[in-house]
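Structure, as structure tokens:
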Amino acid sequence: EMVFAACGACNSSSRTTDAVASMVARMERDLEVGTPKYEEWLKLANGVARNAPDFIREMTSTSKTVWAPDPSGRLVTYELCEAEGPTFERHMRIFALKCGMAIYRRHIDAPLPEGGMVYARYFLNEGIPAEVIAKVLRILPAMGTLRQGTFNVEDQFVYRYNANTDERIVAAAISFHSGLHVVTFALADEKLAPLIDELTFFRCSPGELFS
């Protein structure tokens, strides 16, 4: 279960999106049929199939069997699903941006104000590409004096963040299980927008999440 510091209307409107993200987060590369992890994922997938059938159709329509090495190096078959389509994109965009707003609320101790902006980008079970991490690290020094920290709940949820409470800026890299990763910046104003726009992030202001 994923819990965010958000108003009732926001949480209600994004309930299906949260369920989709929870399912995607558990789509590990080496998810084996019959294991407890698989049964947990299947239960979530069945719920998503009832509430977001278009998402499941998009995901399964691109499914194909491929050969790839497993963690031990053995060549085995995997089901590869292409992460594309308008329904998939919408749910992941909303979830990633909502993460940014939640992280801002957690570390600034206030909701993102009018005139503020949240930027976010999601990545699936291949992880965050090294070139994206490098670009993010180049931006962080421009954010002033920052306090760095890590929050970790076993293998379910971990994030690294930098926060400047004076400037009201938060940057974070978040991982949900091993299947979903989010990089996000949340700013009380847009003075760093030119730097962040280079990363082709999704973006929205308060009140625009579901527009």
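The table below lists the values:
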read-out	value
From Ala188, Ala130, residue being open to solvent by less than 80 Å² (accessible area, probe 1.4 Å), at pLDDT 75 or above, in contact with a Pro (Cβ under 7 Å, 6 or more places away or on another chain) and not polar (S, T, N, Q)	Ala188
Every residue from the stretch 15-60 that is among the polar types (S, T, N, Q) and touching an Asp or Glu at 6+ places or on another chain (Cβ under 9 Å)	Ser22
Boolean, Ser12 is at pLDDT below 75 and either under 18 Å from Arg90 (Cα atoms) or in contact with a helix residue (DSSP H, G or I) (Cβ under 6 Å, 6 or more places away or on another chain) (or both)	yes
One residue from Glu84, Glu79 being modelled with pLDDT under 75, charged (D, E, K, R) and within 30 Å of Leu187 (Cβ to Cβ)	Glu84
Checking Tyr122 against (1) within 30 Å of Lys191 (Cα to Cα); (2) not small (Gly, Ala, Ser); (3) not in a strand (DSSP E or B), the condition it does not meet	(3)
Leu42, sole failed condition from (1) assigned to a helix (DSSP H, G or I); (2) at pLDDT 85 or above; (3) within 27 Å of Thr184 (Cα to Cα)	(3)
Search result, residues across the stretch 83-127 that are within 17 Å of Arg203 (Cα to Cα), open to solvent by less than 40 Å² (accessible area, probe 1.4 Å) and of a type in the set (A, V, I, L, M)	Met92, Ile94, Ala96, Leu97, Ala102, Ile103, Leu112, Met117, Val118, Ala120
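The values are calculated or read from the model by the stated rules, or taken from the named source; none is laboratory data. Here the structure is a predicted model, which means the values were calculated and not measured. Here Cβ is always computed from backbone atoms with ideal geometry, including for glycine, and neighbour counts include all displayed protein chains. Surface accessibility is based on the protein's heavy atoms, side chains included, excluding ligands, DNA and RNA. Shrake-Rupley method; radii C 1.70, N 1.55, O 1.52, S 1.80 Å.
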